[in-house]
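Okay, structure first, notes after.
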Amino acid sequence: MASLDTLFEAAKAIQAKAYAPYSRFKVGAALATADGQVFTGCNVENAAYPVGSCAEAGAIAAMIAGGGNRIAQIVVMGEGEHLVTPCGGCRQRIREFAAPDTPIHTAGPEGIRKSFTLDELLPFSFGPDNLTGR
Ligand code: THU
């Protein structure tokens, strides 16, 4: 699997490419799959504000387009002094492709700030299993 250092650097590099002229808040996300592939995404805003997309959504779209299907760990890199944890929608997006103990690392430019498991950020979550056995 890709190292946390590799993911950190990948998140930093993609954050610089974010298109965030409205919020001026650039976010980068880098995820690793179990077989060592790394996929990245950045936020892409839009003049029609609600249409903008998050960095995590971009990284997940890249993973699926690249043939990956499971997230082994993910780094989310934001700006400023506050922790940039994934928004509620992105927690659910991650949940689709991750396990309860999958690490979600929040980072700033200086390094990893705090790490969580998916289950810590999205307890009692709804997922694909909920749709089986109906
Ligand atoms: N944003 C992300 O890309 N990921 C997050 O987890 C939090 C928020 C983006 C969305 C928007 O472009 C900007 O940050 C400000 O909310």
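The values are calculated or read from the model by the stated rules, or taken from the named source; none is laboratory data. Quantities reported herein were computed from a predicted structural model and do not represent experimental measurements. All Cβ positions, even for glycine, are placed from backbone atoms using ideal geometry, and neighbour counts span all protein chains on display. Protein only, heavy atoms only, side chains kept; ligands, DNA and RNA dropped before computing areas. Shrake-Rupley method; radii C 1.70, N 1.55, O 1.52, S 1.80 Å.
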Most mobile listed residue (Ala13, Ala29, Ala47) in the chain, GNM with C-alpha springs under 10 Å: Ala47
The chain - share of DSSP beta bridges that are antiparallel (%, nearest 5): 75 percent
Principal-axis tilt of helix 55-65 within the chain, Cα atoms, nearest 10 degrees: 60 degrees
Relative frequency of Cα-Cα separations exceeding 16 Å in the stretch 1-124, percent: 56 percent
Simple label model, 7 Å out from Cα along Cβ direction - Ala13 to Glu81, nm: 3.2 nm
Helix-only CD estimate at 222 nm, as mean residue ellipticity for the chain, using -39500 (n - 2.57) per DSSP H run (n ≥ 4): -7500 deg cm²/dmol
The chain: angle of helix 4-15 to the longest principal axis, Cα-based, in degrees nearest 10: 50 degrees
Cα-centred dipole magnitude for the stretch 4-122, charges only on beta-carbon of K, R (+1) and D, E (-1), debye, nearest 20: 240 debye
Where the chain is the region considered: accessible area per residue in Å², 1.4 Å probe: 53 Å²
Carbon plus sulfur fraction of accessible area for the chain, probe 1.4 Å, in percent: 56 percent
Contour minus Cα-Cα distance for Thr6 and Phe124 (0.36 nm per residue): 39.4 nm
